[in-house]
Amino acid sequence: LFPGKRFSRLDAYKAVMASPAAGPDNKAYALYRAVNCYAPAGYNSCDATEAPKAQRKAWFDQLKRQYPASVWAGKLRYYW
């Protein structure tokens, strides 16, 4: 219906995670949201692609390891 590429929230979160200009709080939020794209059913509600469970665990672990004091690390208890 509309021309151009469809917007993907997960791609936006990945871009923030990879950006050297993004601050720690922004990166922590992007990791939190990327993991939550799969909550609670385990399928991606952010776009049509799928990330393997190992990748989702890596995002979860990175959030807990690199940004343990962030509010986002405190809120996220599980990965899907």
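The values are calculated or read from the model by the stated rules, or taken from the named source; none is laboratory data. This is a predicted model, so every value here is computed, not measured. Backbone-built Cβ (ideal geometry, glycine too); neighbour counts: all protein chains shown. Remember, those area values only see protein heavy atoms, side chains included, never the ligands or the DNA or RNA. Shrake-Rupley method; radii C 1.70, N 1.55, O 1.52, S 1.80 Å.
Only residues that are surrounded by fewer than 19 Cβ atoms within 10 Å (Cβ to Cβ) and in a helix (DSSP H, G or I): list them for region 52-71, please.
Filtering region 52-71 down to residues surrounded by fewer than 19 Cβ atoms within 10 Å (Cβ to Cβ) leaves 52-55, 57-58, 61-62, 64-66, 68-69, 71.
Hits for region 52-71 are K53, A54, Q55, K57, A58, D61, Q62, K64, R65, Q66, V71.
Which of the residues that make up region 41-51 are open to solvent by 50 Å² or more (accessible area, probe 1.4 Å) and among the acidic types (D, E)?
Step one: list which residues in region 41-51 are open to solvent by 50 Å² or more (accessible area, probe 1.4 Å), which gives 41, 43, 45, 48-50.
Once the filter is applied, which keeps residues that are open to solvent by 50 Å² or more (accessible area, probe 1.4 Å) and among the acidic types (D, E), region 41-51 yields only E50.
Have a look at L63, L1, L31, L10 and point out the one that is over 14 Å from the mean Cα position of the chain (by Cα) and either at pLDDT 95 or above or of a type outside the set (D, E) (or both).
Details: L63 fails: over 14 Å from the mean Cα position of the chain (by Cα); L31 fails: over 14 Å from the mean Cα position of the chain (by Cα); L10 fails: over 14 Å from the mean Cα position of the chain (by Cα).
None of the others qualify; the one that does is L1.
State yes or no: is Y38 among the aromatic types (F, W, Y), touching a residue at least 40 places away in the same chain (Cβ under 8 Å) and either open to solvent by 80 Å² or more (accessible area, probe 1.4 Å) or farther than 27 Å from R6 by Cα (or both)? Explain how you work it out, then say what you get.
Numbers: among the aromatic types (F, W, Y): yes; touching a residue at least 40 places away in the same chain (Cβ under 8 Å): yes; either open to solvent by 80 Å² or more (accessible area, probe 1.4 Å) or farther than 27 Å from R6 by Cα (or both): no.
Judged against the criteria, Y38 is not a match.
Between a first residue in region 57-80 that is without any contact (Cβ under 8 Å) to a residue 60 or more places away in the chain and a second residue that is open to solvent by less than 80 Å² (accessible area, probe 1.4 Å) and outside any helix (DSSP H, G or I), which pairs have beta carbons less than 7 Å apart while being 6 or more apart in sequence or on different chains?
From region 57-80, the pairs are K57/Y79; F60/L76; F60/Y79; L63/L76; A73/Y67; W80/Y38; W80/A39; W80/G42.
In region 1-28, what residues are hydroxyl-bearing (S, T, Y) and either open to solvent by 90 Å² or more (accessible area, probe 1.4 Å) or part of a loop (DSSP other than H, G, I, E, B) (or both)?
From region 1-28, those hydroxyl-bearing (S, T, Y) are 8, 13, 19; that's our starting set.
Listed by number, the residues that qualify are S8, S19.
Which condition number in (1) more than 11 Å from the chain's Cα centre (by Cα); (2) of a type outside the set (D, E); (3) closer than 15 Å to M17 by Cβ is the one that Y43 fails?
Failing condition for Y43: (3).
Could you grab the pairs with beta carbons closer than 6 Å, sequence gap of 6+ or different chains, first residue in region 1-20 and within 17 Å of W72 (Cα to Cα), second one assigned to a helix (DSSP H, G or I)?
Y13/A30; Y13/R33; Y13/A34; V16/N26; V16/A30; M17/K27; M17/A30
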